[in-house]
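The values are calculated or read from the model by the stated rules, or taken from the named source; none is laboratory data. Computed from a predicted structure; not experimentally measured. Neighbour counts run over all protein chains shown; Cβ positions are idealised from the backbone, glycine included.
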Amino acid sequence: MPQSLANLLVHLVFSTKHRTPWLRSPEIREGMHAYLVGVCREASSPTVLVNSVEDHLHCLCRLGRTISVSELIQQLKTASSLWIKKQSAEYADFQWQGGYGAFSVSQSSLERVKEYISRQEEHHRQTSFQDEFRSLLKKHGVEFDER
């Protein structure tokens, strides 16, 4: 078999700088989601689902064979920052936080992760982003420093 094939599902999570609620507007969130779908497609990393709340975003995608997670994150953040700043002068100071979370997803867990991502607004009525992120890190065995 001379071809290279892969199915690497990755759940990406990143927040706005200082968790400022830049994504408060449903219209701007929907536009952001659609734009990120296009960025992922251009990076040969098709999205399964993108969803966000006012201060952070979740992107579930199939990582392309020729791009690293850090390269994809950089492309997503850079392109979407430029996009949102063009939407209105009120977004002139928009920035994403420097870090991110990237978590592997097994094919057998795909539907459960999609459900989790799709229910973000409901989820965050009870859980802060910080608590959610800590929980994801612990669940995936990622060591972290609270500082």
*Taking only the stretch 100-114 into account, find how many residues are more than 15 Å from the chain's Cα centre (by Cα) and of a type in the set (A, V, I, L, M, F, W, C).*
1
*Can you name every residue in the stretch 1-12 that is surrounded by fewer than 20 Cβ atoms within 10 Å (Cβ to Cβ) and of a type in the set (A, V, I, L, M)?*
Met1, Leu5, Ala6, Leu8, Leu9, Val10
*Meets criteria (surrounded by fewer than 18 Cβ atoms within 10 Å (Cβ to Cβ), of a type outside the set (D, E, K, R), touching a Ser or Thr at 6+ places or on another chain (Cβ under 6 Å) and modelled with pLDDT of 95 or more) for Val69*: no
*Verdict on Arg24 being more than 25 Å from Ala89 (Cβ to Cβ) and not in a helix (DSSP H, G or I)*: no
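This table checks each residue for (1) modelled with pLDDT of 85 or more; (2) closer than 21 Å to Val39 by Cβ; (3) not hydroxyl-bearing (Ser, Thr, Tyr).
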residue	(1), (2), (3)
Lys85	yes, yes, yes
Ser108	yes, no, no
Ser118	yes, yes, no
Arg147	no, no, yes
*Pick from Arg65, Arg134, Arg112: which is part of a loop (DSSP other than H, G, I, E, B) and out of contact with any Phe, Trp or Tyr (no Cβ under 7 Å at 6 or more places or on another chain)?*
Arg65
*Name every residue in the stretch 35-46 that is in a helix (DSSP H, G or I) and either surrounded by 12 or more Cβ atoms within 10 Å (Cβ to Cβ) or touching a Pro at 6+ places or on another chain (Cβ under 7 Å) (or both), in order of residue number.*
Tyr35, Leu36, Val37, Gly38, Val39, Cys40, Arg41
*Matching option when the condition is without any contact (Cβ under 8 Å) to a residue 60 or more places away in the chain, on the phi < 0 side of the Ramachandran plot and surrounded by 12 or more Cβ atoms within 10 Å (Cβ to Cβ), among Lys77, Lys17, Lys85*: Lys85
*Flag if Leu76 is in contact with a Lys or Arg (Cβ under 8 Å, 6 or more places away or on another chain) and hydrophobic (A, V, I, L, M, F, W, C)*: no
*Based on what the data block shows, is Ile117 more than 13 Å from the chain's Cα centre (by Cα), buried (at least 18 other Cβ atoms within 10 Å of the Cβ), in a helix (DSSP H, G or I) and not aromatic (Phe, Trp, Tyr)?*
no
